[in-house]
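Undergrad: My questions all concern the structure below.
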Amino acid sequence: MKKVFRLVFRFLAASIVLGVVTLTITYLAVVKDLPDVDTLRDIQLQVPLRIYTQDAELISVFGEKRRIPVRINEMPEHLKNAFIAGEDARFRQHPGVDYQGVTRAVWTLVTTGEKSVGGSTITQMLARNFFLTLEKTFTRKIKEIFLALKIERELSKDEILELFLNKILLGHRAYGVGAAADVYYGKSVDQLTLAQCAMLAALPKAPSRINPITSPTRAMLRRDYVLGRMLELDYISEAEYQQAKSERNTAFYHGATTKVSAPYLAEMVRKDMLRRFGQAAYTGGYEVYTTITSRLQVAANQALTSGLEAYDRRHGYRGAEAHVNLEASATTSEWGEILQPYKTVAGMVPGLVTELDEDIALVYQADGQTIALSLADVQWARKFIARDRVGFKPEKVSDVLSQGDIIRTRMNDEGRRQLVQLPEVEALLVSLRPADGSIKALVGGYEYTRSKFNRVIQSRRQPGSGFKPFIYSAALEKGKTTASIVNDAPIVFSDAELEREWKPQNYSEQFYGPTRLREAMVNSRNLVSIRLLRDIGITYASNYISKFGFDPAELPGNLSMALGSASLKPISIARGYAVFANGGFLVDPYYIERIVDAKGTVLVATNPRTVCAEINCEDIQQPTDEHKVAQQTKPSFRPLQLADKSDLQVTEQETTEVQSAVARMLPAPRAISEQNAFLVRSMMMDVIRRGTGKKAMVLGRKDLAGKTGTTNEQRDAWFSGYNSEIVTSVWVGFDNHDPLGRYEVGGKAALPIWIDYMRVALQDVPDQPVKIPEGITQARINPDTGLLARLENPAAMMEVFKTGSLPPMEGVVEGDNSDAGTEEDPYDGF
């Protein structure tokens, strides 16, 4: 017996020694290939690009993987415990490998020959996800075990759990619990219920097969299993278990939870980030803070949508979007299939007219509801015949709709659904701060999903009369005054290229004779602008207007330039008007304020050229080449660029240099004199007070200036206007350059959009009088002649001039202005 015992003892001892030797040899063979666990502390999770407004409201998310990193102390206990209960009940006790689990796995392998049950701990899964492949081999499993032990020695349990819960795939491209909470419930993790926490913990086993959206039955079974395990482990009480188990499945797919719709600007940022960082832009966790103000962007969206739909209704109903022959036996599922290709756009829900009579139409909508439309809901829909012609007002529903029509409806302010149609016409709105060029709102079209063409920066349109202020500014610089007389009379030019004569006309097709420049601006007289350009010279005017940021090569070398015939980017029009608004300085439009990396380090901060009135220009120091903020030498309509890829590694010292450089603002160059800007502004203020832009007086302000713009046959309608704080340009037209229709001028098609937007944009902006700069003189003139008026002239009116450019007095030899009525009181226009 003793002999047997000694043999058994020796066998066991030898086995232990052999096991230890084998384990040691295996460890020595594997350890050299194990990665450094310290890299986990600095691991860069693949986090998508997130774009925000200036006031930190989310605009858009770009990236294949949805991930929202969450710190362990920000995760609710129920969430952490749900994953531990479902995946690794002994997580808090084991050293990285659960030997009980390994024993079960070995027993399964010995008894069944299967190796599917791995007994993996959370630490092992973390090691596998970060460092190893998913192949099921003994070599990989051995590496996984040793790496898990190493991770446990160097990281705390909370660090391990935080990494695991932020890394794991939970279905629908959601990586980590933060993204999963957003994808399935539209919540942050701290808002999840116990049942929702358990549902997320149910997903790691098979996120595509066990999923609350695609396979809710399996997901609910797994969720209840997790809840049961939480109860067994005393993580929850019986009452909590019963309440959570009774909670129904509320998961459905949520897109990125954006707060502000600015898709055209978001695409501009995406392209910019791709240029800077390549494909890493989508995974590096970068956050881009734009110059957009959320309140103004929302207002811009609403104003443009309302304005285009108002235009569309004025021109009648173009008919159903499509028509199908509807069988009487068709079912709701067949109706749904018919509507499947049609998506909701701008809140307009597609629907199929299934029944109708004279008084009512039943419409099956894409959302599965059936609604009724009465005559009142379709009465606006006079038949579209041509741009300038619509049919009679409908007297019954069947005058407008037919069975089988595919139409769109939308809820009105009274809570009733009405017939609507997608406008064919397009528009843009861009609004910027004239002091530094920061873009505060940008809308590149009616609906981004319908057309991704960004008309603000990609289109080229003729500004029409909206270009006249630049011509007038050039004329003032050349010696003309606001009171100069130009004859508004017929004029004929021979056009050798076209082999015909050019006979420009005013919009009214009338002629008004000798006209002061101020009145010509107020009433947008075309013939005055042409004569004015001829007087000052086309070459001079082109060179002068280039000071507003326009490329002289883009300006026509003939007199049509006076009527805004150049094809220009709309952003350049807003930039040009900013020169008048800020007192004569040229600023560069920009839309990125700063770029922040995943660690919160500011990589790029745009340093805009700023008007000297906003900063102390005497104290400004130019940043050196070492700074990450570079100077813009020409307008690019993009934020500043990093020099090369090495710039992506930003040190703390460099970050300090960036912030220091930003603190030293760059001065904007002067484009025109302050006096010239003031005089043009005074004329454009009268455009709003009593001219083509007088509808804007509904805003009840005295500090607004602006100009309408309309091109031949009303193919483009513009309004650009401003005060000292904000400049906004609006364009309306068709992408194919079709005419808008008679009377659809800038003051009718574009100005209402501008008004609706500016009503919001100016809410908190004081209505302050414009400061009259030094070098401006006021004098009484004869409105008929533009000459200085005698004191006894009862029809005399006040006018403003650049000091030294007063006209002669009526009836007096030039140079003898001793009887002129000059004034020091503020100009009445302000």
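The values are calculated or read from the model by the stated rules, or taken from the named source; none is laboratory data. Keep in mind that what you see is a predicted model, and the values were worked out from it rather than measured. Glycine gets a Cβ as well: all are built from the backbone with ideal geometry, and neighbour counts include every protein chain shown. Each accessible area value is taken on the protein alone, full model and side chains, heavy atoms only, with ligands, DNA and RNA left out. Shrake-Rupley method; radii C 1.70, N 1.55, O 1.52, S 1.80 Å.
Undergrad: Spin-label point model (7 Å from Cα, Cβ direction): what's the Thr214 to Lys343 distance in nm?
TA: Computed distance between label sites Thr214 and Lys343 equals 2.0 nm.
Undergrad: Which trypsin sites (Lys or Arg not before Pro) from region 232-328 combine a DSSP loop assignment with at most 15 other Cβ atoms within 10 Å? Let's see the in-between values first.
TA: Working: sites: Lys245, Arg248, Lys259, Arg270, Lys271, Arg275, Arg276, Arg295, Arg313, Arg314, Arg318; in loops: Arg248, Lys259, Arg318.
Of the trypsin sites (Lys or Arg not before Pro), the ones in loops of region 232-328 whose Cβ has at most 15 other Cβ atoms within 10 Å are Arg248, Lys259, Arg318.
Undergrad: Counting other C-beta atoms within 10 Å, and keeping those with at most 10, which DSSP coil GluC sites (Glu not before Pro) do you find in region 481-577?
TA: Numbers: sites: Glu497, Glu499, Glu501, Glu509, Glu519, Glu554; in loops: Glu497, Glu499, Glu509.
Those that pass, being in a loop and sparsely packed, are Glu497, Glu499, Glu509.
Undergrad: Can you sort His323, His737 by 1.4 Å-probe accessible area, starting with the largest? Don't jump to the answer; show the numbers that get you there.
TA: On the way: His323 100, His737 80 Å².
Solvent-accessible surface, decreasing: His323, His737.
Undergrad: Show Asp88, Asp767 ordered by accessible area, largest first, where the area counts protein heavy atoms only and the probe is 1.4 Å. It would help to have the intermediate numbers written out before the result.
TA: On the way: Asp88 10, Asp767 65 Å².
Ranking Asp88, Asp767 by accessible area, largest first, yields Asp767, Asp88.
Undergrad: Take Glu358, project a point 7 Å from its Cα along the Cβ direction, then tell me which residues of region 396-413 have their backbone nitrogen under 12 Å from it.
TA: Answer for this model: 396-399.
Undergrad: From the cross-link list Lys480/Lys569; Lys271/Lys452; Lys468/Lys569; Lys702/Lys771; Lys694/Lys802; Lys65/Lys271, which pairs have alpha carbons spaced over 21 Å apart?
TA: On the way: Lys480/Lys569 29 Å; Lys271/Lys452 13 Å; Lys468/Lys569 16 Å; Lys702/Lys771 13 Å; Lys694/Lys802 26 Å; Lys65/Lys271 18 Å.
With Cα atoms farther than 21 Å apart: Lys480/Lys569; Lys694/Lys802.
Undergrad: To the nearest Å, what is the center-to-center distance of region 764-816 and region 516-575, using C-alpha atoms only?
TA: Between the Cα centre of region 764-816 and that of region 516-575, the gap is 25 Å.
Undergrad: Follow-up. Quote the accessible area belonging to Asp597 in square angstrom, nearest 10, computed with a 1.4 Å probe and with ligands, DNA and RNA left uncounted.
TA: 30 Å²
Undergrad: Please go through region 337-414 and write out the GluC sites (Glu not before Pro) that DSSP classes as loop and that have at most 13 other C-beta atoms within 10 Å. Kindly include the intermediate steps, with their values, before the conclusion.
TA: Working: sites: Glu337, Glu355, Glu358, Glu395, Glu414; in loops: Glu358, Glu395, Glu414.
Sparse-neighbourhood loop GluC sites (Glu not before Pro): Glu358, Glu395, Glu414.
Undergrad: Using a 1.4 Å probe and counting only protein heavy atoms, arrange Asp190, Asp703, Asp735 so the residue with the most accessible area comes first. Don't jump to the answer; show the numbers that get you there.
TA: Numbers: Asp190 105, Asp703 5, Asp735 75 Å².
These residues rank, largest area first, as Asp190, Asp735, Asp703.
Undergrad: Run the numbers for Tyr253 and Glu64: contour at 0.36 nm per residue of separation, minus the present Cα-Cα distance, in nm.
TA: On the way: separation 189, 0.36 × 189 = 68.04 nm, distance 1.56 nm.
Extending this stretch completely gives an extra 66.5 nm.
Undergrad: Which one of Tyr342, Tyr317, Ser306 is farthest out on the positive end of the charge dipole of region 292-347, using unit charges on Cβ (Lys, Arg +1; Asp, Glu -1) and the Cα centre as origin?
TA: Ser306
Undergrad: Full-extension gain between Thr539 and Gln458, please, as 0.36 nm times their residue separation minus the C-alpha to C-alpha distance. Write out the running numbers ahead of the final one.
TA: Details: separation 81, 0.36 × 81 = 29.16 nm, distance 2.73 nm.
That works out to 26.4 nm of additional length.
Undergrad: Considering only C-alpha atoms, what is the centroid distance from region 348-407 to region 305-338, in Å?
TA: 8 Å
Undergrad: Using a 1.4 Å probe, how large is the accessible area of Ile538, given in Å² and rounded to the nearest 10?
TA: It works out to around 50 Å².
Undergrad: Can you give the accessible area of Tyr512, probe radius 1.4 Å, in Å² rounded to 10?
TA: Approximately 90 Å² for this residue.
Undergrad: Give me the dipole magnitude in Debye, nearest 20, for region 709-822 about the Cα centre, with unit charges on the beta carbon: positive for Lys and Arg, negative for Asp and Glu. Can you show the working numbers first?
TA: Working: 8 positive and 17 negative charges, 29 e Å.
Charge dipole, region 709-822, about its Cα centre: 140 debye, nearest 20.
Undergrad: In whole Hz, with x marking every Gly and Pro, tabulate ³J(HN,Hα) for region 67-73 from phi via Karplus 6.51 cos²θ - 1.76 cosθ + 1.60, θ = phi - 60°.
TA: 8, 10, x, 10, 6, 4, 6
Undergrad: Using 0.36 nm times the number of residues separating Ser805 and Glu713, minus their current alpha carbon distance, what extension gain do you get?
TA: Numbers: separation 92, 0.36 × 92 = 33.12 nm, distance 3.86 nm.
Here the answer is 29.3 nm.
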